[in-house]
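Q: Okay, here's the structure, questions in a sec.
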Amino acid sequence: MHRTMALMDADEPEDAAFTARVILSFIHDGRLTNIPARERRRQVLYRYLRDQIFTEDRGYPEKELNQRLALFHPDVATIRRGMVDAGLVTRADGEYRRGK
């Protein structure tokens, strides 16, 4: 687990405030304006996108996941890989599921 992941799992008020600031800074009109360079900020946004996209408890084929991600940002591959690498999304048998 990346060291910043532990920071994000804490229920401390400053973490909630940080999360809110990141979302307000990078999400405009429902879209991700750019992918942040800083890992902690990326993780906040990956969690946000995971929560927005994986609304049903089922597997999502890659094509469907890409279509859903494209509603937020054109670089679907980078975001998809980032969510998988962070363990927020798992991939098996060509389908993606919500991770931890």
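The values are calculated or read from the model by the stated rules, or taken from the named source; none is laboratory data. Since this is a predicted model, take the numbers as computed values, not measurements. Neighbour counts run over all protein chains shown; Cβ positions are idealised from the backbone, glycine included.
Q: Filter segment 66-90 down to the residues that are free of Cβ contacts under 8 Å to residues at least 24 places away in the same chain, surrounded by fewer than 18 Cβ atoms within 10 Å (Cβ to Cβ) and over 15 Å from E56 (Cα atoms) and list them by number.
A: N66, Q67, A70, P74, V76, A77, R81, V84, D85 - these are the residues of segment 66-90 that are free of Cβ contacts under 8 Å to residues at least 24 places away in the same chain, surrounded by fewer than 18 Cβ atoms within 10 Å (Cβ to Cβ) and over 15 Å from E56 (Cα atoms).
Q: What single numbered condition from (1) free of Cβ contacts under 8 Å to residues at least 60 places away in the same chain; (2) at negative phi fails to hold for G94?
A: Only one criterion in (1) free of Cβ contacts under 8 Å to residues at least 60 places away in the same chain; (2) at negative phi is unmet by G94, namely (2).
Q: Taking the condition of being in a helix (DSSP H, G or I), closer than 16 Å to D85 by Cβ and at pLDDT 95 or above, how many residues in segment 4-43 meet it?
A: 5
Q: Another question, then. For segment 49-91, which residues satisfy the criterion of being touching a strand residue (DSSP E or B) at 6+ places or on another chain (Cβ under 7 Å) and part of a strand (DSSP E or B)?
A: Across segment 49-91, the qualifying residues are Y60, P61, V89, T90.
Q: Sort through Y46, Y96 and tell me the only one that's surrounded by 17 or more Cβ atoms within 10 Å (Cβ to Cβ), assigned to a strand (DSSP E or B), at pLDDT 95 or above and not hydrophobic (A, V, I, L, M, F, W, C).
A: The unique qualifying residue is Y96.
Q: May I pose another question? Specify the residue that is nearest to D15 (Cα to Cα); the eligible residues are those in segment 49-61 that are loosely packed, with under 14 Cβ neighbours inside 10 Å and of a type in the set (D, E, K, R).
A: Out of the qualifying residues, it is D51.
Q: So, one more: Checking I35 against (1) in contact with a His (Cβ under 8 Å, 6 or more places away or on another chain); (2) farther than 18 Å from T19 by Cα; (3) of a type in the set (V, I, T): exactly one of these is not met. Which one?
A: All conditions pass for I35, except number (2).
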